[in-house]
Amino acid sequence: MTITLRSSTSFISLRHTRSLKTPDGFSGTVCFAQIKPSCRLQAKNSKQEAQLSHDDILVTEGRKSKNWEKLHAISGPDHSSNNSRVPVFVMLPLDTVTIGGNLNKPRAMNASLMALRSAGVEGVMVDAWWGLVEKDGPLKYNWEGYAELVQMVQKHGLKLQVVMSFHQCGGNVGDSCSIPLPPWVLEEMSKNLDLVYTDKSGRRNPEYISLGCDSLPLLRGRTPIQVYSDYMRSFRNRFKDYLGHVITEIQVGMGPCGELRYPAYPESNGTWNFPGIGEFQCYDKYMRASLEASAEAVGKTGWGHRGPHDSGQYNQFPEETGFFRRDGTWNTEYGQFFLEWYSGKLLEHGDKILAAAERIFRGTGAKLSGKVAGIHWHYRTRSHAAELTAGYYNTRHHDGYLPMARMFSKYGVVLNFTCMEMRDGEQPQHANCSPEGLVRQVKMATRTARTELAGENALERYDAGAYSQVMATSRSESGNGLTAFTYLRMNKRLFEGDNWLHLVQFVKSMSEGGRHGKLSECDSSGTNLHVGFIKDKSVQKTTEVALA
(Lines give C-alpha, C1' and ligand atoms only; values in the text may rest on other atoms or scores of the structure.)
Protein backbone atom coordinates (compact mmCIF):
# COMPACT_ATOMS: atom_id res chain seq x y z
CA MET A 1 0.00 0.00 0.00
CA THR A 2 1.66 3.36 -0.22
CA ILE A 3 0.56 3.92 2.82
CA THR A 4 -2.75 3.19 1.39
CA LEU A 5 -5.17 5.45 3.19
CA ARG A 6 -8.59 4.06 2.41
CA SER A 7 -11.42 6.53 2.52
CA SER A 8 -14.79 6.16 4.19
CA THR A 9 -16.56 3.03 3.12
CA SER A 10 -20.14 4.00 3.81
CA PHE A 11 -22.39 4.72 0.88
CA ILE A 12 -23.75 8.09 0.03
CA SER A 13 -27.50 8.25 0.15
CA LEU A 14 -29.01 9.95 -2.87
CA ARG A 15 -32.55 11.11 -3.51
CA HIS A 16 -34.08 13.39 -6.10
CA THR A 17 -34.27 16.96 -4.88
CA ARG A 18 -33.17 20.42 -5.94
CA SER A 19 -30.31 20.97 -3.56
CA LEU A 20 -27.36 19.10 -2.17
CA LYS A 21 -26.79 19.04 1.58
CA THR A 22 -23.84 17.82 3.59
CA PRO A 23 -23.22 17.52 7.31
CA ASP A 24 -20.99 20.57 7.06
CA GLY A 25 -23.83 22.74 5.86
CA PHE A 26 -22.60 22.89 2.29
CA SER A 27 -25.27 23.16 -0.34
CA GLY A 28 -24.73 22.85 -4.04
CA THR A 29 -25.63 20.83 -7.10
CA VAL A 30 -24.37 17.65 -8.66
CA CYS A 31 -25.26 17.43 -12.33
CA PHE A 32 -25.54 14.21 -14.29
CA ALA A 33 -25.24 16.04 -17.59
CA GLN A 34 -22.27 17.84 -19.06
CA ILE A 35 -20.76 20.27 -16.59
CA LYS A 36 -18.95 23.33 -17.88
CA PRO A 37 -16.60 24.54 -15.20
CA SER A 38 -14.44 27.52 -15.98
CA CYS A 39 -11.53 26.17 -13.94
CA ARG A 40 -8.76 24.38 -15.77
CA LEU A 41 -6.24 21.90 -14.47
CA GLN A 42 -2.64 22.40 -15.50
CA ALA A 43 -0.10 19.63 -14.99
CA LYS A 44 3.45 20.71 -14.37
CA ASN A 45 6.10 18.55 -15.92
CA SER A 46 7.16 16.14 -13.18
CA LYS A 47 10.76 16.43 -14.34
CA GLN A 48 10.73 20.09 -13.39
CA GLU A 49 9.61 19.19 -9.88
CA ALA A 50 11.80 16.14 -9.42
CA GLN A 51 14.75 16.23 -7.10
CA LEU A 52 16.30 12.78 -6.70
CA SER A 53 15.33 9.69 -8.64
CA HIS A 54 16.90 6.55 -7.28
CA ASP A 55 20.02 7.77 -5.56
CA ASP A 56 22.94 7.69 -8.01
CA ILE A 57 21.92 4.55 -9.87
CA LEU A 58 18.50 5.09 -11.41
CA VAL A 59 18.77 8.54 -12.95
CA THR A 60 16.03 9.60 -15.30
CA GLU A 61 17.11 12.91 -16.75
CA GLY A 62 19.59 14.21 -19.27
CA ARG A 63 22.62 12.27 -20.47
CA LYS A 64 22.61 9.88 -17.48
CA SER A 65 19.06 8.84 -18.30
CA LYS A 66 20.01 7.97 -21.88
CA ASN A 67 23.00 5.95 -20.70
CA TRP A 68 20.85 4.09 -18.18
CA GLU A 69 18.31 3.22 -20.85
CA LYS A 70 21.04 1.96 -23.20
CA LEU A 71 22.58 -0.10 -20.40
CA HIS A 72 19.31 -1.88 -19.74
CA ALA A 73 18.32 -2.14 -23.41
CA ILE A 74 15.04 -0.32 -23.03
CA SER A 75 12.94 -0.88 -26.11
CA GLY A 76 9.56 -2.07 -27.21
CA PRO A 77 6.22 -0.33 -27.62
CA ASP A 78 5.46 2.87 -25.79
CA HIS A 79 2.25 2.04 -23.97
CA SER A 80 1.27 5.64 -23.33
CA SER A 81 2.59 8.41 -25.51
CA ASN A 82 2.13 12.06 -24.64
CA ASN A 83 -1.01 12.15 -26.77
CA SER A 84 -2.62 8.95 -25.47
CA ARG A 85 -5.99 8.91 -23.82
CA VAL A 86 -5.84 7.62 -20.24
CA PRO A 87 -9.17 6.09 -19.10
CA VAL A 88 -10.21 6.91 -15.54
CA PHE A 89 -11.93 4.43 -13.22
CA VAL A 90 -13.32 5.11 -9.73
CA MET A 91 -13.07 2.69 -6.80
CA LEU A 92 -16.38 1.80 -5.22
CA PRO A 93 -16.83 1.73 -1.41
CA LEU A 94 -15.34 -1.21 0.44
CA ASP A 95 -18.81 -2.30 1.59
CA THR A 96 -20.38 -2.30 -1.88
CA VAL A 97 -21.59 -5.83 -1.13
CA THR A 98 -22.96 -6.51 2.35
CA ILE A 99 -21.99 -9.23 4.80
CA GLY A 100 -25.18 -10.99 3.71
CA GLY A 101 -23.98 -11.03 0.12
CA ASN A 102 -26.35 -8.41 -1.30
CA LEU A 103 -25.65 -5.20 -3.18
CA ASN A 104 -25.51 -2.39 -0.62
CA LYS A 105 -28.04 0.44 -1.19
CA PRO A 106 -28.76 -0.28 -4.86
CA ARG A 107 -30.71 2.96 -5.46
CA ALA A 108 -27.78 5.04 -4.24
CA MET A 109 -25.41 2.97 -6.35
CA ASN A 110 -27.57 3.43 -9.42
CA ALA A 111 -27.60 7.21 -9.02
CA SER A 112 -23.86 7.30 -8.35
CA LEU A 113 -23.06 5.29 -11.46
CA MET A 114 -25.28 7.60 -13.48
CA ALA A 115 -23.31 10.58 -12.21
CA LEU A 116 -19.95 8.96 -12.92
CA ARG A 117 -21.04 8.06 -16.43
CA SER A 118 -22.08 11.66 -17.08
CA ALA A 119 -18.63 12.81 -15.93
CA GLY A 120 -16.97 10.71 -18.64
CA VAL A 121 -15.54 8.08 -16.28
CA GLU A 122 -14.62 4.83 -18.03
CA GLY A 123 -15.80 2.56 -15.26
CA VAL A 124 -15.53 1.50 -11.64
CA MET A 125 -13.50 -0.93 -9.52
CA VAL A 126 -14.88 -3.23 -6.83
CA ASP A 127 -13.33 -5.66 -4.33
CA ALA A 128 -14.69 -9.21 -4.61
CA TRP A 129 -14.03 -10.18 -1.01
CA TRP A 130 -13.04 -13.79 -0.36
CA GLY A 131 -14.44 -13.37 3.15
CA LEU A 132 -17.91 -12.65 1.72
CA VAL A 133 -18.10 -14.91 -1.31
CA GLU A 134 -16.78 -18.16 0.21
CA LYS A 135 -17.78 -17.58 3.81
CA ASP A 136 -20.31 -20.40 4.03
CA GLY A 137 -17.72 -23.14 3.52
CA PRO A 138 -15.08 -24.45 1.13
CA LEU A 139 -16.17 -24.23 -2.53
CA LYS A 140 -19.51 -22.65 -1.55
CA TYR A 141 -19.58 -19.38 -3.46
CA ASN A 142 -22.18 -16.61 -3.38
CA TRP A 143 -21.71 -14.11 -6.22
CA GLU A 144 -25.27 -12.71 -6.25
CA GLY A 145 -24.49 -9.22 -4.92
CA TYR A 146 -21.72 -8.86 -7.47
CA ALA A 147 -24.01 -10.12 -10.25
CA GLU A 148 -26.45 -7.33 -9.46
CA LEU A 149 -23.63 -4.79 -9.60
CA VAL A 150 -22.33 -6.13 -12.93
CA GLN A 151 -25.78 -5.77 -14.49
CA MET A 152 -26.12 -2.23 -13.15
CA VAL A 153 -22.70 -1.25 -14.46
CA GLN A 154 -23.60 -2.66 -17.87
CA LYS A 155 -26.89 -0.74 -17.91
CA HIS A 156 -25.01 2.54 -17.49
CA GLY A 157 -22.51 1.72 -20.22
CA LEU A 158 -19.57 1.56 -17.82
CA LYS A 159 -16.72 -0.93 -17.48
CA LEU A 160 -15.83 -2.89 -14.35
CA GLN A 161 -12.49 -3.77 -12.78
CA VAL A 162 -12.85 -6.59 -10.24
CA VAL A 163 -10.26 -7.26 -7.52
CA MET A 164 -9.80 -10.82 -6.36
CA SER A 165 -9.43 -9.75 -2.72
CA PHE A 166 -7.92 -12.64 -0.80
CA HIS A 167 -7.00 -10.37 2.12
CA GLN A 168 -8.82 -9.10 5.18
CA CYS A 169 -10.52 -5.70 5.11
CA GLY A 170 -9.79 -3.90 8.36
CA GLY A 171 -6.65 -3.05 10.28
CA ASN A 172 -5.19 -0.57 7.81
CA VAL A 173 -5.64 3.18 7.50
CA GLY A 174 -9.16 4.04 6.35
CA ASP A 175 -10.52 0.50 6.61
CA SER A 176 -13.68 1.60 8.36
CA CYS A 177 -15.51 -1.66 7.75
CA SER A 178 -14.38 -5.13 8.76
CA ILE A 179 -14.43 -8.12 6.43
CA PRO A 180 -12.28 -10.94 7.83
CA LEU A 181 -11.14 -13.99 5.91
CA PRO A 182 -13.77 -16.77 5.56
CA PRO A 183 -14.79 -18.29 8.92
CA TRP A 184 -13.62 -21.77 7.90
CA VAL A 185 -10.18 -20.32 7.08
CA LEU A 186 -10.03 -18.54 10.43
CA GLU A 187 -10.90 -21.86 12.08
CA GLU A 188 -7.90 -23.48 10.40
CA MET A 189 -5.73 -20.56 11.50
CA SER A 190 -6.83 -21.06 15.12
CA LYS A 191 -5.66 -24.67 14.90
CA ASN A 192 -2.38 -23.80 13.19
CA LEU A 193 -1.09 -20.34 14.11
CA ASP A 194 1.75 -20.63 11.61
CA LEU A 195 -0.69 -20.21 8.72
CA VAL A 196 -0.30 -16.45 9.13
CA TYR A 197 2.63 -14.06 8.90
CA THR A 198 4.62 -13.67 12.11
CA ASP A 199 7.20 -11.10 13.20
CA LYS A 200 10.26 -11.69 15.40
CA SER A 201 8.28 -10.93 18.57
CA GLY A 202 5.73 -13.60 17.73
CA ARG A 203 2.92 -11.23 16.67
CA ARG A 204 0.55 -13.01 14.30
CA ASN A 205 -1.13 -11.10 11.47
CA PRO A 206 -4.42 -12.55 10.13
CA GLU A 207 -4.67 -10.18 7.14
CA TYR A 208 -3.44 -12.76 4.65
CA ILE A 209 -2.21 -16.35 4.62
CA SER A 210 1.57 -16.67 4.86
CA LEU A 211 3.19 -17.35 1.50
CA GLY A 212 5.37 -19.88 3.31
CA CYS A 213 2.56 -22.44 3.00
CA ASP A 214 1.53 -21.66 -0.61
CA SER A 215 2.06 -25.26 -1.74
CA LEU A 216 1.00 -27.11 1.41
CA PRO A 217 -2.52 -28.66 1.63
CA LEU A 218 -3.36 -26.98 4.91
CA LEU A 219 -6.80 -25.59 4.02
CA ARG A 220 -8.93 -28.71 4.39
CA GLY A 221 -6.94 -30.63 1.82
CA ARG A 222 -6.23 -27.75 -0.56
CA THR A 223 -3.20 -25.52 -0.82
CA PRO A 224 -3.70 -21.73 -0.64
CA ILE A 225 -2.79 -21.49 -4.35
CA GLN A 226 -5.46 -24.10 -5.15
CA VAL A 227 -8.00 -22.21 -3.04
CA TYR A 228 -7.25 -18.94 -4.84
CA SER A 229 -7.42 -20.72 -8.20
CA ASP A 230 -10.77 -22.36 -7.44
CA TYR A 231 -12.14 -18.96 -6.40
CA MET A 232 -11.01 -17.29 -9.62
CA ARG A 233 -12.35 -20.21 -11.69
CA SER A 234 -15.73 -19.89 -9.99
CA PHE A 235 -15.77 -16.17 -10.79
CA ARG A 236 -14.90 -16.85 -14.43
CA ASN A 237 -17.67 -19.43 -14.77
CA ARG A 238 -20.28 -17.20 -13.11
CA PHE A 239 -19.46 -14.11 -15.17
CA LYS A 240 -18.26 -15.61 -18.46
CA ASP A 241 -20.91 -13.70 -20.43
CA TYR A 242 -19.57 -10.36 -19.14
CA LEU A 243 -15.81 -10.91 -19.29
CA GLY A 244 -14.01 -8.83 -21.87
CA HIS A 245 -16.72 -6.25 -22.54
CA VAL A 246 -18.29 -5.31 -19.18
CA ILE A 247 -15.72 -6.83 -16.83
CA THR A 248 -12.60 -5.63 -18.62
CA GLU A 249 -9.98 -6.21 -15.92
CA ILE A 250 -9.27 -8.69 -13.15
CA GLN A 251 -6.85 -7.44 -10.52
CA VAL A 252 -5.32 -10.42 -8.74
CA GLY A 253 -4.76 -9.93 -5.03
CA MET A 254 -1.39 -11.21 -3.82
CA GLY A 255 -1.03 -9.92 -0.27
CA PRO A 256 -2.20 -7.43 2.36
CA CYS A 257 -4.41 -4.70 0.85
CA GLY A 258 -4.33 -6.78 -2.34
CA GLU A 259 -0.69 -5.80 -2.92
CA LEU A 260 2.29 -8.03 -3.66
CA ARG A 261 4.15 -7.47 -0.38
CA TYR A 262 4.60 -8.68 3.18
CA PRO A 263 2.50 -7.03 5.96
CA ALA A 264 5.58 -5.20 7.25
CA TYR A 265 3.77 -2.08 8.45
CA PRO A 266 0.49 -3.16 10.12
CA GLU A 267 -1.58 -0.29 11.47
CA SER A 268 -3.85 -2.35 13.71
CA ASN A 269 -3.52 -1.75 17.43
CA GLY A 270 -0.92 0.94 16.81
CA THR A 271 1.76 -1.59 15.91
CA TRP A 272 3.26 0.64 13.22
CA ASN A 273 3.13 4.37 12.56
CA PHE A 274 4.44 6.36 9.61
CA PRO A 275 7.34 6.62 8.83
CA GLY A 276 8.63 3.60 10.73
CA ILE A 277 10.84 1.09 8.91
CA GLY A 278 8.57 -1.89 9.65
CA GLU A 279 9.70 -5.41 10.45
CA PHE A 280 10.52 -8.57 8.51
CA GLN A 281 7.67 -11.11 8.47
CA CYS A 282 9.52 -14.41 8.25
CA TYR A 283 9.00 -16.12 11.60
CA ASP A 284 6.17 -18.62 11.00
CA LYS A 285 7.52 -22.15 10.91
CA TYR A 286 7.10 -22.51 7.15
CA MET A 287 9.12 -19.38 6.37
CA ARG A 288 11.76 -20.41 8.91
CA ALA A 289 12.06 -23.82 7.28
CA SER A 290 12.55 -22.21 3.90
CA LEU A 291 15.22 -19.86 5.25
CA GLU A 292 17.05 -22.74 6.91
CA ALA A 293 17.04 -24.76 3.69
CA SER A 294 18.34 -21.80 1.68
CA ALA A 295 21.17 -21.21 4.16
CA GLU A 296 22.18 -24.87 4.05
CA ALA A 297 22.17 -24.74 0.24
CA VAL A 298 24.88 -22.06 0.27
CA GLY A 299 26.87 -23.71 3.04
CA LYS A 300 25.97 -21.12 5.70
CA THR A 301 23.80 -23.02 8.16
CA GLY A 302 24.22 -20.31 10.79
CA TRP A 303 22.37 -17.86 8.56
CA GLY A 304 19.21 -19.94 8.59
CA HIS A 305 18.26 -19.85 12.26
CA ARG A 306 16.29 -16.59 12.14
CA GLY A 307 16.04 -13.24 10.42
CA PRO A 308 18.47 -10.36 11.04
CA HIS A 309 18.98 -9.77 14.76
CA ASP A 310 19.84 -6.08 14.27
CA SER A 311 16.93 -4.95 12.07
CA GLY A 312 15.23 -2.91 14.80
CA GLN A 313 11.54 -2.44 15.50
CA TYR A 314 8.49 -1.21 13.58
CA ASN A 315 8.74 2.49 14.44
CA GLN A 316 12.49 3.01 14.37
CA PHE A 317 14.48 4.89 11.72
CA PRO A 318 17.21 3.27 9.59
CA GLU A 319 20.12 4.90 11.40
CA GLU A 320 18.85 3.55 14.72
CA THR A 321 19.50 -0.02 13.58
CA GLY A 322 22.61 -2.01 12.76
CA PHE A 323 21.00 -3.59 9.71
CA PHE A 324 19.60 -0.56 7.88
CA ARG A 325 22.06 2.20 8.78
CA ARG A 326 24.18 3.76 6.04
CA ASP A 327 26.88 1.06 6.01
CA GLY A 328 24.82 -1.55 7.81
CA THR A 329 24.39 -5.30 7.59
CA TRP A 330 22.12 -4.97 4.56
CA ASN A 331 25.24 -4.35 2.47
CA THR A 332 27.20 -7.40 3.71
CA GLU A 333 27.33 -10.91 2.26
CA TYR A 334 24.85 -12.08 4.89
CA GLY A 335 22.52 -9.14 4.27
CA GLN A 336 22.50 -9.79 0.54
CA PHE A 337 21.78 -13.48 1.11
CA PHE A 338 18.85 -12.75 3.41
CA LEU A 339 17.32 -10.04 1.21
CA GLU A 340 17.61 -12.18 -1.91
CA TRP A 341 15.83 -15.03 -0.11
CA TYR A 342 13.13 -12.80 1.42
CA SER A 343 12.34 -10.93 -1.79
CA GLY A 344 12.70 -14.10 -3.84
CA LYS A 345 9.99 -15.83 -1.83
CA LEU A 346 7.66 -12.91 -2.56
CA LEU A 347 8.40 -13.11 -6.28
CA GLU A 348 7.76 -16.87 -6.23
CA HIS A 349 4.41 -16.22 -4.54
CA GLY A 350 3.40 -13.67 -7.15
CA ASP A 351 4.55 -15.96 -9.97
CA LYS A 352 2.43 -18.87 -8.72
CA ILE A 353 -0.75 -16.80 -8.39
CA LEU A 354 -0.32 -14.94 -11.68
CA ALA A 355 0.45 -18.18 -13.53
CA ALA A 356 -2.81 -19.63 -12.21
CA ALA A 357 -4.77 -16.48 -13.05
CA GLU A 358 -3.37 -16.37 -16.59
CA ARG A 359 -4.47 -19.96 -17.22
CA ILE A 360 -7.92 -19.37 -15.80
CA PHE A 361 -8.72 -16.12 -17.60
CA ARG A 362 -6.91 -16.89 -20.86
CA GLY A 363 -9.17 -16.23 -23.83
CA THR A 364 -11.83 -14.33 -21.87
CA GLY A 365 -10.80 -10.91 -23.19
CA ALA A 366 -10.29 -9.51 -19.69
CA LYS A 367 -6.97 -7.93 -18.81
CA LEU A 368 -5.07 -9.11 -15.75
CA SER A 369 -3.41 -6.69 -13.34
CA GLY A 370 -1.56 -6.87 -10.04
CA LYS A 371 -0.81 -4.22 -7.48
CA VAL A 372 2.58 -3.14 -6.13
CA ALA A 373 2.80 -0.88 -3.07
CA GLY A 374 4.24 2.63 -3.29
CA ILE A 375 6.55 2.61 -0.26
CA HIS A 376 8.10 6.03 -0.61
CA TRP A 377 9.37 6.72 2.92
CA HIS A 378 13.13 6.32 3.50
CA TYR A 379 13.51 6.09 -0.29
CA ARG A 380 16.29 8.67 -0.18
CA THR A 381 18.42 6.57 2.16
CA ARG A 382 20.92 3.99 0.96
CA SER A 383 19.14 0.94 2.36
CA HIS A 384 15.50 1.85 1.55
CA ALA A 385 14.57 0.12 4.81
CA ALA A 386 10.77 0.30 4.53
CA GLU A 387 10.87 -1.29 1.08
CA LEU A 388 13.17 -4.07 2.28
CA THR A 389 10.92 -5.16 5.16
CA ALA A 390 7.95 -5.25 2.74
CA GLY A 391 9.88 -7.61 0.45
CA TYR A 392 11.18 -5.20 -2.20
CA TYR A 393 14.95 -5.64 -2.49
CA ASN A 394 15.48 -2.08 -3.64
CA THR A 395 18.62 -0.30 -2.41
CA ARG A 396 21.16 2.14 -3.78
CA HIS A 397 22.94 -0.82 -5.36
CA HIS A 398 20.03 -3.10 -6.31
CA ASP A 399 16.89 -2.47 -8.39
CA GLY A 400 13.94 -4.16 -6.70
CA TYR A 401 11.23 -3.22 -9.19
CA LEU A 402 12.65 -4.56 -12.44
CA PRO A 403 12.36 -8.22 -11.30
CA MET A 404 8.73 -7.63 -10.35
CA ALA A 405 8.00 -5.89 -13.65
CA ARG A 406 9.56 -8.78 -15.56
CA MET A 407 7.48 -11.29 -13.62
CA PHE A 408 4.32 -9.33 -14.48
CA SER A 409 5.42 -9.12 -18.12
CA LYS A 410 5.92 -12.90 -18.24
CA TYR A 411 2.16 -13.34 -17.87
CA GLY A 412 1.01 -10.21 -19.71
CA VAL A 413 -0.15 -8.62 -16.45
CA VAL A 414 -0.53 -4.85 -16.00
CA LEU A 415 1.48 -3.49 -13.06
CA ASN A 416 -0.74 -1.22 -10.98
CA PHE A 417 1.21 1.25 -8.82
CA THR A 418 0.13 3.73 -6.18
CA CYS A 419 1.18 7.21 -4.97
CA MET A 420 0.75 8.76 -8.43
CA GLU A 421 -0.64 11.94 -6.86
CA MET A 422 2.22 12.61 -4.42
CA ARG A 423 4.92 15.26 -4.65
CA ASP A 424 8.23 15.12 -2.84
CA GLY A 425 7.73 18.61 -1.45
CA GLU A 426 4.55 17.59 0.37
CA GLN A 427 6.33 14.98 2.49
CA PRO A 428 7.96 15.49 5.91
CA GLN A 429 11.71 15.96 5.58
CA HIS A 430 12.63 13.61 8.40
CA ALA A 431 10.98 10.69 6.54
CA ASN A 432 13.37 10.93 3.56
CA CYS A 433 10.46 10.39 1.16
CA SER A 434 10.58 10.56 -2.62
CA PRO A 435 7.32 9.39 -4.16
CA GLU A 436 8.27 11.13 -7.40
CA GLY A 437 11.61 9.33 -7.59
CA LEU A 438 9.92 6.03 -6.79
CA VAL A 439 7.29 6.51 -9.49
CA ARG A 440 9.98 7.36 -12.03
CA GLN A 441 11.89 4.21 -11.14
CA VAL A 442 8.79 2.04 -11.58
CA LYS A 443 7.99 3.74 -14.89
CA MET A 444 11.47 2.91 -16.14
CA ALA A 445 11.25 -0.68 -14.85
CA THR A 446 7.94 -1.36 -16.62
CA ARG A 447 9.26 0.13 -19.82
CA THR A 448 12.36 -2.06 -19.66
CA ALA A 449 10.26 -5.14 -18.92
CA ARG A 450 7.74 -4.24 -21.63
CA THR A 451 4.76 -4.43 -19.32
CA GLU A 452 1.91 -1.95 -19.07
CA LEU A 453 1.67 0.44 -16.13
CA ALA A 454 -1.53 1.64 -14.48
CA GLY A 455 -1.86 3.90 -11.45
CA GLU A 456 -3.85 4.89 -8.38
CA ASN A 457 -3.75 7.69 -5.87
CA ALA A 458 -2.65 6.47 -2.44
CA LEU A 459 -4.43 9.05 -0.32
CA GLU A 460 -7.93 10.45 -0.43
CA ARG A 461 -7.38 13.68 -2.38
CA TYR A 462 -9.78 16.13 -4.04
CA ASP A 463 -7.52 19.12 -4.67
CA ALA A 464 -6.38 20.27 -8.08
CA GLY A 465 -2.73 19.90 -7.07
CA ALA A 466 -3.10 16.15 -6.67
CA TYR A 467 -4.90 15.85 -10.00
CA SER A 468 -2.18 17.84 -11.75
CA GLN A 469 0.50 15.53 -10.39
CA VAL A 470 -1.39 12.50 -11.69
CA MET A 471 -1.61 14.13 -15.11
CA ALA A 472 2.13 14.78 -15.07
CA THR A 473 3.00 11.20 -14.07
CA SER A 474 0.54 9.78 -16.60
CA ARG A 475 2.74 10.95 -19.44
CA SER A 476 5.73 9.05 -20.80
CA GLU A 477 8.59 11.54 -20.94
CA SER A 478 10.55 9.15 -18.71
CA GLY A 479 9.65 5.48 -18.82
CA ASN A 480 6.14 4.16 -19.36
CA GLY A 481 3.12 6.40 -19.25
CA LEU A 482 -0.13 5.13 -17.74
CA THR A 483 -2.59 2.93 -19.61
CA ALA A 484 -5.30 3.61 -17.00
CA PHE A 485 -5.84 5.41 -13.71
CA THR A 486 -8.14 4.37 -10.85
CA TYR A 487 -9.28 7.05 -8.43
CA LEU A 488 -9.60 6.23 -4.74
CA ARG A 489 -12.53 6.37 -3.80
CA MET A 490 -16.23 7.02 -4.43
CA ASN A 491 -17.75 8.52 -1.31
CA LYS A 492 -19.93 11.41 -0.24
CA ARG A 493 -17.20 14.06 -0.47
CA LEU A 494 -16.45 13.26 -4.10
CA PHE A 495 -19.86 14.60 -5.16
CA GLU A 496 -19.57 17.87 -3.25
CA GLY A 497 -19.14 21.21 -5.03
CA ASP A 498 -15.63 21.86 -6.32
CA ASN A 499 -14.58 18.25 -5.63
CA TRP A 500 -16.99 17.07 -8.28
CA LEU A 501 -16.01 19.78 -10.74
CA HIS A 502 -12.34 18.92 -10.27
CA LEU A 503 -13.05 15.26 -11.03
CA VAL A 504 -15.01 16.14 -14.18
CA GLN A 505 -12.21 18.35 -15.46
CA PHE A 506 -9.59 15.76 -14.52
CA VAL A 507 -11.39 13.02 -16.46
CA LYS A 508 -11.62 15.33 -19.48
CA SER A 509 -7.93 16.21 -19.23
CA MET A 510 -6.88 12.56 -18.97
CA SER A 511 -8.99 11.78 -22.04
CA GLU A 512 -6.81 14.32 -23.86
CA GLY A 513 -3.55 12.80 -22.68
CA GLY A 514 -3.16 15.06 -19.62
CA ARG A 515 -2.47 18.09 -21.83
CA HIS A 516 -5.64 20.10 -21.28
CA GLY A 517 -5.75 23.15 -19.09
CA LYS A 518 -4.22 26.44 -18.14
CA LEU A 519 -3.26 28.13 -14.89
CA SER A 520 -6.23 29.89 -13.40
CA GLU A 521 -6.85 32.62 -10.96
CA CYS A 522 -6.31 31.53 -7.38
CA ASP A 523 -4.52 28.85 -5.43
CA SER A 524 -6.60 27.55 -2.56
CA SER A 525 -4.49 24.49 -1.83
CA GLY A 526 -0.96 25.82 -1.66
CA THR A 527 0.16 23.86 -4.71
CA ASN A 528 1.66 25.05 -7.98
CA LEU A 529 -1.66 24.41 -9.69
CA HIS A 530 -4.39 26.97 -9.33
CA VAL A 531 -8.12 26.56 -9.27
CA GLY A 532 -10.13 29.45 -10.62
CA PHE A 533 -13.46 30.61 -9.32
CA ILE A 534 -16.30 28.78 -10.98
CA LYS A 535 -18.02 31.46 -13.05
CA ASP A 536 -20.00 29.39 -15.49
CA LYS A 537 -22.42 27.09 -13.70
CA SER A 538 -24.61 26.40 -16.69
CA VAL A 539 -25.57 22.78 -17.26
CA GLN A 540 -27.52 20.82 -19.80
CA LYS A 541 -30.41 18.48 -18.97
CA THR A 542 -29.66 18.69 -15.29
CA THR A 543 -30.69 15.94 -12.93
CA GLU A 544 -30.10 16.96 -9.33
CA VAL A 545 -29.61 14.73 -6.33
CA ALA A 546 -28.96 15.25 -2.64
CA LEU A 547 -26.31 13.60 -0.56
CA ALA A 548 -27.88 13.25 2.85
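The values are calculated or read from the model by the stated rules, or taken from the named source; none is laboratory data. Computed from a predicted model, the values in this text were never measured in an experiment. So basically every Cβ, Gly included, is an ideal-geometry build from the backbone, and we count neighbours across all protein chains shown. Side chains are part of the model used for accessible areas, which takes the heavy atoms of the whole protein and leaves out ligands, DNA and RNA. Shrake-Rupley method; radii C 1.70, N 1.55, O 1.52, S 1.80 Å.
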| task | On the protein heavy atoms, probe 1.4 angstrom, tell me the percent of accessible surface of the stretch 202-280 carried by carbon and sulfur. | result | 45 percent
| note | Quick calc: nm separation of the 7 Å Cα→Cβ label points for Arg85 and Asn273 -> 4.8 nm
| request: State the Cα centre-to-centre distance between the stretch 142-207 and the stretch 320-399 in whole Å. | output: 22 Å
| request: Quickly work out the Asp351-to-Arg326 label distance, labels modelled 7 Å from Cα along the C-beta direction, and quote it in nm with one decimal. | output: 3.7 nm
| request: Any chance you could get the radius of gyration and Dmax over the Cα atoms of the stretch 363-499, in Å? | output: 15.3, 49
| Gain on full stretching of the segment that runs from Ser201 to Lys410 - 0.36 nm per residue minus C-alpha separation | 71.5 nm
| query | How many nm separate the modelled label positions at Gln226 and Glu296, each set 7 Å beyond the Cα in the direction of the Cβ? | reply | 2.5 nm
| query | When the Cα atoms of the stretch 247-308 are enclosed in a convex hull and the volume is divided per residue, what value in Å³ results? | reply | 150 Å³
| Cα-based shape type of the stretch 349-441, given that a ≥ b ≥ c are square roots of the gyration tensor eigenvalues and the cut on a/c is 1.5 | prolate
| Kirkwood hydrodynamic radius of the stretch 206-259 from all distinct Cα pairs, in Å? | 12.7 Å
| query | With the contact rule set at Cα under 8 Å and sequence spacing of 6 or more, what percent relative contact order holds for the stretch 152-281? | reply | 33 percent
| note | Which residues qualify? For Lys159, with a placed amide H closer than 5 Å and at least 5 residues away or on another chain, they are Gly123, Val124
